[in-house]
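The next block holds one structure in the form of structure tokens; read it before the comments.
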Amino acid sequence: MSPRTALRYLLMTAVTLVFLFPIYWLFICAFKTPEEIFASPPVWWPQGLALNAWTQIWRDDDWKGVVNSLVIAGCSTAVAMLFGTMAAYSLARFRTGGEHLAMWIISQRLIPPIAIVFPVFILFAWAGLVDTYLGLILLYTAFNLPYVIWMMRGYIEDVPRELEEAALVDGCTRPQMLFRIVFPVVRTGFFATAVFTFVFAWNEFIMALVLTRTQVATYPVIMAGYFNPQFTQWGRIGALSLIACLPVFFVVALAQRYLVRGLSLGAVKG
């Protein structure tokens, strides 16, 4: 191994350790006692595995916030991908709304949530959707749709029209052609878009904070309650963070084969 290659590997190892350190620190804080968490100099590895934070999360039902986030993020992602893909197909193939409709749609995603969350709260309070699964699923779906439509439109435009024309000649209807011909071709882009859509809904905080109370509070809202002026519950923050990382870890692990190919799909043309 040449010195240049060895230096490159050493640099990559150092950068990896820097990025992994916060995950390691969260992990050990979840098993530390309060005295070890606030010790100076820092305790790099706990003397024993303290499970107080985990038992408190279980006793106070804080773990249900992760379940609520999983239900809301999963359902909103599925609905957004279904309707967003169909809308993207209409824009890509029929130029629905003209040339500038797609740009207008993605511009709606640029609206900061804080600018509309309070009018949305008034509307949801009137409709009885505050602190309900349906309310957050509908809201997250509306926020995710512009992103899904924009991304899927680009992927669908790269599908050769000849494939669709051949399917129509063979007797396929438009819905059959979409799900049997177009979707298999763009599945890598579909899964890449779905992962990023899921992560957005999973980590969203502002709208969940305003529109939930106790029944469907998501894990970011519950975790925010661990910070207070008198005392920050770092042990419970570490434990709940580890629990909350698991669904995203498995989603990314399962879709890893699609992510790189999906993000680069259509990047090179000609």
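The values are calculated or read from the model by the stated rules, or taken from the named source; none is laboratory data. Predicted model, so just to flag it, every value in this text is computed and none were measured. Counting neighbours? That spans all protein chains shown, and the Cβs are built from the backbone with ideal geometry, glycine included. With ligands, DNA and RNA removed, areas are computed over all heavy atoms of the protein, side chains included. Shrake-Rupley method; radii C 1.70, N 1.55, O 1.52, S 1.80 Å.
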Protein-only accessible surface order, largest first, of ILE114, ILE206 at 1.4 Å: ILE114, ILE206
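Give me the number: length gained by fully extending ILE122 to PHE250, i.e. 0.36 nm times residue separation minus the C-alpha to C-alpha distance, one decimal in nm. Spell out each step's value before the answer.
Numbers: separation 128, 0.36 × 128 = 46.08 nm, distance 3.63 nm.
That pair, ILE122 and PHE250, stretches by 42.4 nm at full extension.
With +1 on the Cβ of every Lys and Arg and -1 on the Cβ of every Asp and Glu, and nothing else charged, how large is the dipole of segment 1-147 about its Cα centre, in debye rounded to the nearest 20?
Details: 8 positive and 7 negative charges, 137 e Å.
Magnitude of the dipole: close to 660 debye.
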Label point distance in nm, ARG109-MET86, each placed 7 Å from Cα along Cα→Cβ: 2.0 nm
Solvent-accessible area of MET151 with every protein chain in place, 1.4 Å probe, in Å² to the nearest 10: 50 Å²
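Which percent of the accessible heavy-atom area of the chain goes to carbon and sulfur, probe 1.4 angstrom?
Numbers: 11260 of 15840 Å².
Of the solvent-accessible surface of the chain, carbon and sulfur hold 71 percent.
Volume per residue, Å³, of the convex hull around the alpha-carbon atoms of the chain? Write down the numbers at each step before the final one.
On the way: hull volume 55.8 nm³, N = 270.
That works out to 207 Å³ per residue.
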Residue among GLY225, MET177, PHE21 farthest towards the positive dipole end of the chain, charges placed on Cβ: MET177
With all protein chains modelled, accessible area of PHE38 [1.4 Å, Å²]: 110 Å²
Segment 116-270: relative contact order in percent, alpha carbon pairs under 8 Å with at least 6 residues between: 33 percent
Cα-based helix-to-principal-axis angle, 187-203 vs the chain, degrees rounded to 10: 40 degrees
Accessible area expressed per residue, the chain, with surrounding protein chains retained (probe 1.4 Å, Å²): 59 Å²
Paramagnetic reach from ASP170 (point 7 Å along Cα→Cβ, amide N under 16 Å) across segment 179-205: 179-186
Whole-number Å³ per residue for the convex hull built on Cα positions in segment 125-270: 152 Å³
Acute angle (nearest 10 degrees) that the helix 133-157 long axis makes with the longest principal axis of the chain, alpha-carbon atoms: 50 degrees
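Can you sort TYR133, TYR147, TYR219 by solvent-accessible area, 1.4 Å probe, largest first? Don't skip to the end; give the middle numbers.
Details: TYR133 85, TYR147 60, TYR219 25 Å².
So, going from the largest accessible area down, we get TYR133, TYR147, TYR219.
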Exposure rank, largest accessible area first [PHE124, PHE183; 1.4 Å]: PHE183, PHE124
Simple label model, 7 Å out from Cα along Cβ direction - ASN228 to PHE27, nm: 3.1 nm
Positive-pole candidate from LEU136, LEU123, THR197, dipole of the chain, charges at beta carbon: THR197
Stokes-Einstein D for segment 8-117, Kirkwood Rh over Cα pairs, 25 °C, 0.890 mPa s (µm²/s): 126 µm²/s
Solvent-accessible area of TRP234 with every protein chain in place, 1.4 Å probe, in Å² to the nearest 10: 110 Å²
Value at 222 nm in deg cm²/dmol, rounded to 500, when DSSP H runs of n ≥ 4 in the chain each add -39,500 (n - 2.57): -22000 deg cm²/dmol
C-alpha long axis of helix 234-254 to longest principal axis of the chain, angle in °: 30 degrees
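With +1 on each Lys and Arg Cβ and -1 on each Asp and Glu Cβ, and nothing else charged, work out how big the dipole of the chain is about its Cα centre, in Debye to the nearest 20. Write down the numbers at each step before the final one.
Values: 18 positive and 14 negative charges, 101 e Å.
That gives the chain a dipole magnitude of about 480 debye.
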Centre separation in Å (Cα based) which lies between segment 34-76 and segment 115-150: 29 Å
